[in-house]
Amino acid sequence: MKLAMLVNPFTDHNLALAAQAGVEEVVLPYPGPGLEPLRAARSKVEAAGMRLTVLERKIPHRRLVHRLPGWEEELAGFQALLRDMADAGLQVACYNWMPAEDWQRTTCTSPERGGSLATAFDLAEVDHNVTDADGSPDQQTPAAQLWETLTQFLDAVLPVAESCGVSLALHPDDPPLPVIRGQEQIIGSNAALRRVVELAPSPANGICY
């Protein structure tokens, strides 16, 4: 296991704060397609005295999750991303299989110590105020089909990951609920993470805690 910090927004100021806090490895939100954004980000991180090793958040994959039109292009884009990451020296692609594309919160302004603000999730508020997730697709996808699309994804992506030396790390559903806003979720427990590892035994098939 390795520890790294997500720096978001990815700014020189936040990188300087991370370095002052003793961070050694940095997690980069998806910067867009192609090799040059990765190389530019790596240069910024190294200039701050750290290493850029992980990519996480907003990697386009929603069509893959739900098998929507255009999923083939997203698959090709993910495979190309792994190759570009290898060329730029990144080691881990942290992805998720959340039907709403990313984590969900009902507020980003929950008060904490010293007047700081934090995210929070209240199930009673979920139908009225959900932030950050890009929303559910027009159609809802049952859990059985989500397992099918995840298996197909791993079958297609893991050989590329193995060949270029980049590892995948699956992030659990966040929040880890079996159903949210009427849409089933499948990666909400240790048992589910174990099932993913056993679906495709590979040193490149990892998980993110």
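Every number here is computed from the coordinates shown, using simple stated rules; none is lab data. A quick note: this is a predicted structure, and the numbers were derived from the prediction, not measured. Cβ: placed from backbone, ideal geometry, glycine included. Neighbour counts: every protein chain shown.
Report the paramagnetic label zone for residue 40: residues of region 1-24 whose backbone N is under 15 Å from a point 7 Å from Cα along the Cα-to-Cβ axis. Under 15 Å, as judged by backbone N against the label point of residue 40, lie 10-12 of region 1-24. Each of 76, 60, 29 was placed along the dipole of region 28-149 (beta-carbon charges, centred on the mean Cα), and the one lying farthest toward the positive end is 29.
Rounded to the nearest 20 debye, the dipole size of region 1-101 about its Cα centre is 140 debye, using +1 on the Cβ of Lys and Arg and -1 on the Cβ of Asp and Glu.
Treating the beta-carbon of each Lys and Arg as +1 and of each Asp and Glu as -1, no other charges, what is the dipole magnitude of region 111-209 about its Cα centre, to the nearest 20 debye?
Values: 4 positive and 14 negative charges, 68 e Å.
Computed about the Cα centre, the dipole is about 320 debye.
In the chain, helices alone account for a calculated mean residue ellipticity at 222 nm of -11500 deg cm²/dmol, with every DSSP H run of four or more residues adding -39,500 (n - 2.57).
Using the Kyte-Doolittle scale, find the helices of the chain whose mean hydropathy is at least 0.0 and whose Cα atoms extend 18 Å or more along the helix's long axis, counting only whole DSSP H runs.
Working: long enough: 71-88 (25 Å, -0.19); 143-164 (31 Å, 0.63).
Correct list, ordered by number: 143-164.
Highest mobility in the GNM of the chain, judged by mean-square fluctuation with C-alpha springs under 10 Å and restricted to 94, 108, 164, is found for 108. Its residue count N sets the reference 2.2 N^0.38 Å, and the alpha-carbon radius of gyration of region 63-209 equals 1.13 times that reference.
Work out how much length residue 156 to residue 122 would gain on full extension: take 0.36 nm times their residue separation and subtract the Cα-Cα distance, in nm to one decimal. Could the numbers behind the result be given before it?
On the way: separation 34, 0.36 × 34 = 12.24 nm, distance 3.67 nm.
Extending this stretch completely gives an extra 8.6 nm.
Dipole magnitude for the chain: computed about the Cα centre from +1 point charges on Lys and Arg Cβ and -1 point charges on Asp and Glu Cβ, it is near 400 debye.
Translational diffusion coefficient of region 1-153 at 4 °C, 1.567 mPa s, Stokes-Einstein with Kirkwood Rh over Cα pairs, in µm²/s as a whole number.
Values: Rh = 17.3 Å.
The diffusion coefficient I find is 75 µm²/s.
In region 71-110, the C-alpha radius of gyration followed by the widest Cα-Cα span (Dmax) gives 14.4, 40 angstrom.
Between 127, 87, 102, the GNM of the chain built on Cα springs shorter than 10 angstrom shows 127 fluctuating the most. Simple rule: put +1 on each Lys or Arg Cβ and -1 on each Asp or Glu Cβ in region 94-209, find the dipole, and look at 141, 200, 126; the Cα lying farthest toward the positive end is 200.
Of the peptides 152-160, 11-19, how do they stack up when ordered by the mean number of other Cβ atoms within 10 Å, highest first? Don't skip to the end; give the middle numbers.
On the way: 152-160: 17.4, 11-19: 14.7.
Top to bottom by mean Cβ count within 10 Å: 152-160, 11-19.
Could you tell me which residue out of 169, 98, 16 lies farthest along the dipole of the chain toward its positive end? Charges go on the beta carbon: Lys and Arg +1, Asp and Glu -1, centred on the Cα centre. Going by the charge dipole, the pick is 16.
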